[in-house]
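A short reminder: the numbers here are calculations on the coordinates, not readings from a lab. Everything numeric in this text was worked out from a predicted model, so none of it was measured. So basically every Cβ, Gly included, is an ideal-geometry build from the backbone, and we count neighbours across all protein chains shown.
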Amino acid sequence: MSRRRRKKSEEADENKDEEKKDEEKKDEEKKDEDEEKKDEDKTEENATSENKTEENATVETEVIQKKKSKKHEKKLTVKRIDFAPLPLTTEQIKAAKAKFDAMAKEEEEVAKVLGLKNELEASVYGSRDKLDSELLIKVTTEEQREEVSKLLMEYEEWMYEGSSEKNEYEKRVNQLKDLLGPMEERTTEMEAREDLPDAVKEHVDQCKAAEKSIKKNMTWINENKTADASAKLVEFEEWWAKKQEKQASLPLHEAPAYTKVEVMDAVKKVYKDFASLLKTKKPKEKKEKKDDKKKSKDDKKDDDNKDDDKKDEKDALPEDVEGTEAALKALADEKAAAVEKEDYDAAHKLKGREKALKEHLASLKEKSEL
């Protein structure tokens, strides 16, 4: 009996175990089903939430908030407390500026007086040395030199006494210049007169050579222009002869009849007229119209020869030595003027012309020697 009961109890226990296992399987299956449902619900909820957010995104409007600031003003009372040294008042500042300007002006006047004093002192000592020079002795009299020496002694004594007046120094400096100025001018002009006749003769000879060359070789120049330039040359020669005669009759201690600058300006003015005539180019000849459009070989050769002749006419060279030398002188002046104006292209062209003239001059001199 006991064995049967055990078997039955064992069988009952096994059945219970199987039932438990079945229930556990069912529970697990239910859990799986519930989890699957939850996952599906979540996906649906996410999808709906995304749709809602998209709808809300399209509907929502952006709100911008501006910051409003309020100004609060509060009046403050400031008290100024000055410690020594106290600041200047406007009246005191004006007075100080006026005083400073007066001091600066006074210092400026003192500096000017000191400069005039040094100038007067240098003039006094320099004038004494000039009085002893041989040239000044030739162009002055004994009385004139004594007058200057007395004035120098007087000025020297006055400077030792001292003065702060600007006008007094200016007055004495000008007096000394007025007295010594003409003497110094006579000295310089006496030295200049030694070489002046040769310089004038050189320019006059060049003018005459240019006149001769123009009449002989440059027949295209208007005769009236050449005559006017020749008349000016004759007029200058007469004026120069009279000035020389007058100067010869004048004593050296008197003002000269002419100055070097005056004479050279006059002769250069005459020479300039001839130089401009030498630069005049021969006018171009008018070309004759031909009926035939096509030219023969002979006609073309003739035209080429004519072009060569025209080039030769433009670069025409004087036929004599004097004319060539005059043309070279005029060309040198023209080249110097171009260099001063910094027109280097023109100067280069003139350099080529100058070379041709020099070669031509050399050939003319060789022919003359033969």
* Structure fact -> At q = 0.19, 0.20, 0.24 1/Å the base-10 log of I(q)/I(0) from the Debye formula over the alpha-carbon atoms of region 90-191 is -0.92, -0.98, -1.21
* Asked: Given labels modelled 7 Å from the Cα in the Cβ direction, how far is it in nm from GLU366 to LYS105?
  -> 8.2 nm
* To do: Mind sorting GLU106, GLU147 by how few other Cβ atoms lie within 10 Å of their own Cβ, fewest first?
  => GLU106, GLU147
* Return ASP333, ASP34, ASP82 ranked ascending by Cβ neighbour count within 10 Å, so the fewest neighbours appear first. => ASP82, ASP34, ASP333
* To do: Using per-residue counts of other Cβ atoms within 10 Å, averaged over each peptide, order 222-232, 166-176 from highest down.
  => 166-176, 222-232
* Taking only pairs that are 8 or more places apart or on different chains, how many Lys pairs in region 90-191 have Cα atoms under 18 angstrom apart? -> 14
* To do: Report the local net charge at PRO182: Lys and Arg +1, Asp and Glu -1, summed over other residues whose C-beta lies under 11 Å from its C-beta.
  => -3
* **Neighbour net charge for ALA111 - beta-carbon separation under 15 angstrom, K R +1, D E -1** => -3
* Structure fact -> The simple spin-label model distance between ASN118 and ARG145, using points 7 Å out along Cα→Cβ, in nm, is 3.2 nm
